[in-house]
Amino acid sequence: MKVKRIVLASRPGSDGEPTKENFRLEETDLTEELADGQVLAQTLYISVDPYLRFRMNEGTRTDYVHPWKLSEVLDSGGIGVVQHSRHSDFKVGDFVTKLNWPWQTKCVLDGSSLTKLDPSLVDGHLSYFLGAVGFTGLTAFFGMKEKGHVIPGANQTMVVSGAAGACGSLAGQIGRFFGCSRIIGICGTDEKCSVLTSDFGFDAALNYKKAGLADKLRECCPSGVDVYFDNVGGEIRDLVISQMAKNSNILVCGQISQYNTDFAYPPPIPAQTAAILKERNIRREISVVFDYVDHFEMAIEQLGEWVRTGKLKVKETITHGIENTAGAFLSMLKGGNIGKQIVQITG
């Protein structure tokens, strides 16, 4: 059968900005004959995430993701429906997911690599398994639980950068659940600011593209910042750190402002910022979700309950069609999404 797929046509370079020319849409043949243990699945949803920028380089600068190969099909988190099965655990109609799903309209997959999904856990919103009840939610959950060092009842103020994105929008809400009393979001448009306060329950939201960010942040955090969920790095990171309280905590989740620069991960911080960290005894830790694999089941159950009861608010930006996957990825890197960026392939 004929299927469509996206391959890596070229690399942008470690210091280059990705473009659509780095990707290529192809049509290829896919065998319908399955070996024992395989399934044929139709792709429903593809996840595009900031960390995938690393995979466009020859070296990813991390030890937990591997580079994409030139002229080979790309992959990321995905969800599909089984159309044919020669694996005893899966039948036609089952919904399945895996972390390295091919960017392809239909795929032959090894059944041992798949996880069966229960749509009732997300009230039928299957794409939530790529976001709030998937690795994005897990990242926010374990980041706050293990690295946020939230003290319930301590009247702590939390700041989230990249706050209207997939992880930031969840992290702010989860920070509140764990005991932070005041949540401030930093984002890039007035529309996102409005969504953060009206939909996600943030106490205040600041547009970093407008003048006076430092003064506005100080007004929102008169006693300083106690917990900083850092998704962006760079100048915003340094500004927030300059207003952090003594013995406060930084959780490094992402550094999207630096992903097109050839630095190790996380990128180095300026000497002046490093001096503040030392002087104020600020703890700065990297959060890697794969460190908590043994507790994923517990966290998925909790995230699912929060979503089903409406306690955890979820937003998605959905792009349609395999041919628009690269465009959705590039838009997400520039902040074009509110909530989780998803590509709906079929369904």
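Here Gly93, Gly111 are screened, and the one residue that is on the phi > 0 side of the Ramachandran plot and more than 24 Å from the chain's Cα centre (by Cα) is Gly93.
Just one of the listed residues (Ile6, Ile46) is part of a strand (DSSP E or B) and closer than 20 Å to Gln83 by Cα, namely Ile46. Inspect all residues belonging to segment 23-43 and state whether any of them is over 23 Å from Thr97 (Cα atoms), surrounded by 14 or more Cβ atoms within 10 Å (Cβ to Cβ) and either in contact with a Lys or Arg (Cβ under 9 Å, 6 or more places away or on another chain) or in the same structural domain as Leu99 (by TED's automatic domain parsing) (or both). Yes - at least one qualifying residue is present in segment 23-43.
For segment 92-143, the tally of residues that are hydrophobic (A, V, I, L, M, F, W, C) and not in a helix (DSSP H, G or I) stands at 13. The condition (being over 23 Å from Ser161 (Cβ atoms), outside the structural domain of Asp199 (by TED's automatic domain parsing) and without any contact (Cβ under 8 Å) to a residue 40 or more places away in the chain) is satisfied by just one residue among Gly321, Gly327, Gly336, Gly304: Gly321.
If the condition is being buried (at least 17 other Cβ atoms within 10 Å of the Cβ) and part of a strand (DSSP E or B), then segment 318-347 contributes Thr319, Gly339, Lys340, Gln341, Ile342, Val343, Gln344. Pairs meeting the criteria (first residue in segment 284-296 and within 13 Å of Glu146 (Cα to Cα), second residue exposed (fewer than 15 other Cβ atoms within 10 Å of the Cβ) and not acidic (Asp, Glu), beta carbons under 8 Å, at least 6 apart or on different chains) are Val288/Tyr64; Phe290/Tyr64. Residue check: Phe54 meets all listed conditions (1) assigned to a loop (DSSP other than H, G, I, E, B); (2) under 20 Å from Val288 (Cβ atoms); (3) touching a residue at least 60 places away in the same chain (Cβ under 8 Å) but one, namely (1). Filtered by the rule that a residue be among the aromatic types (Phe, Trp, Tyr) and modelled with pLDDT of 90 or more, segment 41-89 gives Tyr45, Trp68. Scanning segment 79-108 for residues that are touching a residue at least 60 places away in the same chain (Cβ under 8 Å) and over 27 Å from Thr317 (Cα atoms) returns a single hit, Val108.
A Cβ distance below 6 Å, combined with a sequence gap of six or more or placement on separate chains, defines the contacts here; from segment 17-44, residues that are touching a residue at least 24 places away in the same chain (Cβ under 8 Å) reach residues that are among the aromatic types (Phe, Trp, Tyr) and crowded, with 16+ Cβ neighbours inside 10 Å in the pairs Val39/Phe90.
Looking at segment 20-33, can you tell me whether even one residue there is in a helix (DSSP H, G or I) and either modelled with pLDDT under 90 or over 22 Å from the mean Cα position of the chain (by Cα) (or both)? Yes, because at least one residue in segment 20-33 is in a helix (DSSP H, G or I) and either modelled with pLDDT under 90 or over 22 Å from the mean Cα position of the chain (by Cα) (or both). Val65 passes every criterion in (1) among the aliphatic types (A, V, I, L, M); (2) within 28 Å of Thr309 (Cβ to Cβ); (3) under 18 Å from the mean Cα position of the chain (by Cα) apart from (2).
The values are calculated or read from the model by the stated rules, or taken from the named source; none is laboratory data. Being a predicted model, the structure only gives us computed values, none of them experimental. Ideal geometry is used to build each Cβ from the backbone, glycine not excepted, and the neighbour counts take in all protein chains shown.
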